[in-house]
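See structure below.
The values are calculated or read from the model by the stated rules, or taken from the named source; none is laboratory data. All figures in this text were calculated on a predicted structure; none of them were measured in a lab. Virtual Cβ from ideal backbone geometry, glycine too; neighbours counted across all protein chains shown.
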Amino acid sequence: MDERVLAERLITYDTSTLDGLRAAAGFVKGWLESRELEVRSLDHDGLPVVMVDVGPPAEAKPPTVIFHGHLDVVPAYPEQFEPRVEGDRLIGRGAYDMKGALAAMMWAIKDVSAQDKVRVRFICVPDEESDDVSSRSTDVIVAGGYRGDFALTGEPTDLHIGIQAKGVLAVRVALRGVAAHGSTPWLGDNAILKAHDAFRRIETLPFSRESSDLFDRPSINLARIEGGDAFNKVPDRCTMDVDIRFLPTQDPGEILAQIRAIPDLEVLKCFTRAPAVVSRSSPYVRALRDGIGRSIEGEALSIGRDGASDAISFLEAGIPAVEFGPVGGGHHGPAEWVSIASLRRFRQALGDFVSVLPGWLERESTDGPDLHAVEGGLA
């Protein structure tokens, strides 16, 4: 069973549901145990987490890296959980985000299990895609003492190294109008229309026009809107959720202040998650670049990721963390796919990274080529 076949099997589980997550986690646990790996599992709010440690014991104080993956996916139609292959593309929900990467990681943890220089920790979580941002398993587990010197999460990066990711500012706002009979809308003030106008204002605020070295703009999405309570009534109240992914150089407090300045708009609640930033000159990043270079043509580049990930859980605990995953496209879309050839390269790159890491850590100097940035933003 190679990484493609394993990815196909993982895709067949509808892990947007609790039953699907439990079944898939059971399969992952059984697959790892059948490869003579010692598996630990725990329950987080009724959801399963699967963990494996290989290499020298922690008491020996070896360099320790974490391979982090998630099993859950966003909801999809039933046919999207029936994987199919078209040329080099494996198509199905989660193929790119991130069951393809997870399958390759499962093989990689077996590949490196016999080496005795680097401790490698594999953790498979069930709730990276969850709407409940207040209690995610990775946050809780890391806060409970789960540690390493460097973490790598298998989010989609097309075999480049995601050294930055945008921060998250999720805002719920309310707009008030004036009710009237639906037959005489000119006598009222439609709160839904006011919400639409307010969102257009948010899209043109000063923060929306800023850029950085790896990003050409923040992301602003109208995620949800609720208003109106009767067919024959002009709605007098509307709420909307706005999902803003801000640049590492931006202050979410300043963004929120700009939003609050919009007339007739009330901020009901907000949630922030810090952006992810890791130095290009880290020996772990350079070792990963070296490992990738042994299995791909061309050069691995540093990139910024528009989406947030569990990498920030490690960063907030002082553990450098990057995103690194296979080639693909269409994640969260109807034709999500991952390159089959890149799954093997991804698996090989993980193994090569572990192999070359001790040499990079033994270097007395950090001199050497830095990662070049993918063209974008102010670059």
Picking from PRO334, PRO358, the residue that is surrounded by fewer than 24 Cβ atoms within 10 Å (Cβ to Cβ) and either modelled with pLDDT under 95 or of a type in the set (Ser, Thr, Tyr) (or both) would be PRO334
Note: among ARG136, ARG121, just one is modelled with pLDDT of 95 or more and surrounded by fewer than 23 Cβ atoms within 10 Å (Cβ to Cβ), namely ARG121
So for the range 230-241 (the condition being within 28 Å of VAL285 (Cα to Cα) and either surrounded by fewer than 17 Cβ atoms within 10 Å (Cβ to Cβ) or over 29 Å from the mean Cα position of the chain (by Cα) (or both)), does at least one residue qualify?
no
(message) Regarding the range 312-326, can at least one residue be identified that is of a type in the set (A, V, I, L, M, F, W, C), surrounded by fewer than 16 Cβ atoms within 10 Å (Cβ to Cβ), in contact with a strand residue (DSSP E or B) (Cβ under 7 Å, 6 or more places away or on another chain) and modelled with pLDDT under 95?
(response) no
Filter the range 229-258 for residues that are among the hydrophobic types (A, V, I, L, M, F, W, C) and in a loop (DSSP other than H, G, I, E, B); the one that is farthest from VAL178 (Cα to Cα) is LEU247
Restricting the range 252-265 to residues that are charged (D, E, K, R) and modelled with pLDDT of 95 or more, the one farthest from the chain's Cα centre (by Cα) turns out to be ARG260
Picking from ILE303, ILE296, the residue that is outside any helix (DSSP H, G or I), more than 29 Å from THR249 (Cα to Cα) and at pLDDT below 90 would be ILE296
Of ASP131, ASP111, the only residue that is free of Cβ contacts under 8 Å to residues at least 40 places away in the same chain, of a type in the set (D, E, K, R) and surrounded by fewer than 24 Cβ atoms within 10 Å (Cβ to Cβ) is ASP131
